Amino acid sequence: MLDIKLLREQPEWVKQQLARTGSDTALVDAVLAFDEQRRALLTEVEALKAERNAVSKAIGKMKDAAERDVKIAEMRVVGDRISELDRQVADVETDQRLAMLEIRNLPHASTPDGAGEEDNIVIYQEGEPRDMGFEPKPHWELGEALGIIDFERGVKISGSRFYILKGMGARLQRALIQWLLDLHIEQGYSEVYTPFVVKEEAMWGAGQLPKFRDNLYRDEDAGLWLVPTAEVPVTNLYADEILDASQLPIFHCAYTPCFRREQMSAGRDVRGIKRGHQFDKVEMYMFTFPDRSYDDLQKLRADAEDTCRRLGLAFRTKELCTGDLGAAATRTYDLELWAPGQQEWLEVSSCSNVEAFQARRANLRYRPEPGAKPEFLHTLNGSGLGVPRTMIAIMENYQQADRSIIVPDVLRPYMGGIAVITAA
C-alpha cells in the first residue's frame with residue numbers, strides 16, 4: 001500500500017509512475033475524493049463536539065430548569081448527529097482503504113520502461129544451451145519412461161493439472177527441497193516452517209488480495225486460505241509488531257507447497273509439470289532497513305543465481321520492465337533455466353524489492369533507535385527456487401541418450417549417493 005501523504009502531496013507524479021506500468025490512474029482521484037470527504041466529515045464532527053462540550057459546561061451553570069431542559073434536548077440531537085457522522089467517517093475510511101489497497105506499487109526509477117514481457121532485458125547469462133549429441137526428450141516423456149511421474153493417476157485423484165511423483169521422482173524432489181534449504185541457510189537465511197493455511201488478513205497483508213482473489217483456494221466458512229506462496233505467511237510473521245533496529249536485517253527461507261486456482265489455457269504448457277494447481281517452492285525473504293533494501297536486492301539475486309550455478313545448469317537473469325512488473329514490486333529480476341527438451345527458458349525465480357508496500361499493509365515497523373518514532377521497514381522476496389521447473393531443467397539437461405538421468409553432484413548426498421536415475 002502506498003503512503004497516503006504521497007498521494008496528497010504529489011498526485012500527478014504518482015499518476016505518472018502508475019502510467020509507466022500501464023495501470024489505471026483513476027484510483028488516485030478516487031482515494032483523494034474519499035480523503036476530502038473524510039476531512040469534511042471530521043471537520044463537522046469536531047465542530048459539533050466543541051459545541052456540545054461548551055453547552056455541557058454552560059448547562060451545569062444554568063439555574064433555569066426549563067432552559068436547561070431545552071439545551072439538554074438540543075444536545076441529544078447534536079449527539080445523534082455526531083454518532084451518524086462517526087458512522088459516515090468509518091464508512092468513508094473503509095472505502096478509502098479499499099481504494100488504496102487496489103493501487104499497485106510504483107516502479108523504481110531504475111526499472112526499465114516497457115509494455116510487457118517482450119520488453120524485459122536479459123542482463124546476465126551463464127552457460128549456453130549445449131549440443132547433447134542426441135534429440136533431448138521433454139520431461140514428461142522421461143518421467144513416464146522412467147516410471148517416476150504418473151500423470152494419469154494424478155488426474156484420476158484430483159483432476160487436471162495434478163500429477164504423482166513416484167519412486168526416484170519423489171526422492172529427487174525431496175532431495176532438491178532439502179538441498180535448497182540447506183544452501184540458503186549457508187547463504188545467511190534462517191529457516192522457518194509455517195502453516196500452509198492463513199487468515200484472510202494475512203492475504204491482504206502480503207498483497208495477494210484483492211488482485212488474486214479468484215486464483216486462490218479458500219475455506220469461506222473458516223475464513224482460511226491455502227497459501228499461494230510462502231511469501232504470504234512469512235510476510236506476516238512480524239505483522240503489527242515493532243522490531244528493534246538491532247534485529248534487522250532478518251533473512252528467512254521457507255518451504256511450502258503452493259496452491260493456485262488460476263485458469264490455464266490450452267497450449268504447450270498443458271503437458272508436464274510446468275504449471276499445476278499445487279506445486280512446491282522454497283522462498284527467500286528479507287525484512288530490512290529502507291536505506292539498504294536495494295543492496296539487499298542484489299544479494300537476493302546473487303543468492304538465486306548461485307543456486308542455479310551450483311546445480312550446473314545454464315541460466316540467465318532478466319530485469320523486468322514496468323509493463324511486466326508484479327503489482328507489489330518496485331524492481332524485479334527473473335532467473336530462467338534452459339530446458340532443452342522443450343527448447344525454452346523456464347522462470348524458476350523472481351527476486352523483488354517491494355519497499356514498504358507490504359509493510360504498510362501488514363503494519364511491519366521497526367524503531368530506528370530507542371525512543372524514536374516507529375517506521376515502516378522494507379521487504380524483499382525471491383524464489384529459491386520453484387521446484388517443478390527446476391526439476392524439469394534437471395531432468396532435461398541431465399538426461400542421457402538411453403533416457404536415464406544423471407543426478408547433479410550437489411543432490412547425491414541427499415539421495416543416498418545415487419548417481420543415475422534409471423527405469424525401475
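Annotations for the structure displayed:
- The set of residues in segment 37-94 that are in contact with a Leu (Cβ under 8 Å, 6 or more places away or on another chain) and either over 30 Å from R361 (Cα atoms) or outside the structural domain of R8 (by TED's automatic domain parsing) (or both) comprises L48, V78, R81.
- With respect to (1) at pLDDT 95 or above; (2) surrounded by 12 or more Cβ atoms within 10 Å (Cβ to Cβ); (3) at negative phi, the lone exception for E118 is condition (2).
- Within segment 284-293, the set of residues being in a helix (DSSP H, G or I) and within 17 Å of the chain's Cα centre (by Cα) comprises S293 only.
- Those residues of segment 123-172 which are in a loop (DSSP other than H, G, I, E, B), of a type outside the set (K, R) and within 18 Å of A339 (Cβ to Cβ), in sequence order: G127, E128, P129, D131, M132, G133, F134, E135, P136, P138, I148, Y163
- Only strands (runs of 3 or more DSSP E) whose full extent lies in segment 208-269 are considered here, and the ones with at least 3 residues that are in contact with a strand residue (DSSP E or B) (Cβ under 6 Å, 6 or more places away or on another chain) and surrounded by 12 or more Cβ atoms within 10 Å (Cβ to Cβ) are 224-226, 250-259.
- Among the candidates A170, A202, residue that is surrounded by 15 or more Cβ atoms within 10 Å (Cβ to Cβ), modelled with pLDDT of 95 or more and within 30 Å of R218 (Cβ to Cβ): A202
- Residue match in segment 212-225 (condition: more than 24 Å from P388 (Cα to Cα), in contact with a Lys or Arg (Cβ under 9 Å, 6 or more places away or on another chain) and assigned by TED's automatic domain parsing to the domain that holds A328): yes
- Hits in segment 99-150 (condition: free of Cβ contacts under 8 Å to residues at least 24 places away in the same chain and either under 29 Å from the mean Cα position of the chain (by Cα) or over 30 Å from R309 (Cα atoms) (or both)): A109, E118
- Residue in segment 153-173 that is farther than 27 Å from T256 by Cβ and in contact with a Lys or Arg (Cβ under 9 Å, 6 or more places away or on another chain) present: no
- Check on S383, closer than 19 Å to A327 by Cα, surrounded by 24 or more Cβ atoms within 10 Å (Cβ to Cβ) and either free of Cβ contacts under 8 Å to residues at least 12 places away in the same chain or in contact with a Gly (Cβ under 9 Å, 6 or more places away or on another chain) (or both): no
- Set Y217, Y238: member being under 20 Å from G382 (Cα atoms), of a type in the set (F, W, Y) and touching a residue at least 24 places away in the same chain (Cβ under 8 Å): Y238
- Selection status of V55, assigned to a helix (DSSP H, G or I), within 21 Å of I4 (Cα to Cα) and not basic (K, R): no
The values are calculated or read from the model by the stated rules, or taken from the named source; none is laboratory data. All figures in this text were calculated on a predicted structure; none of them were measured in a lab. Glycine also receives a Cβ, built like all others from the backbone with ideal geometry; neighbour counts cover every protein chain displayed.
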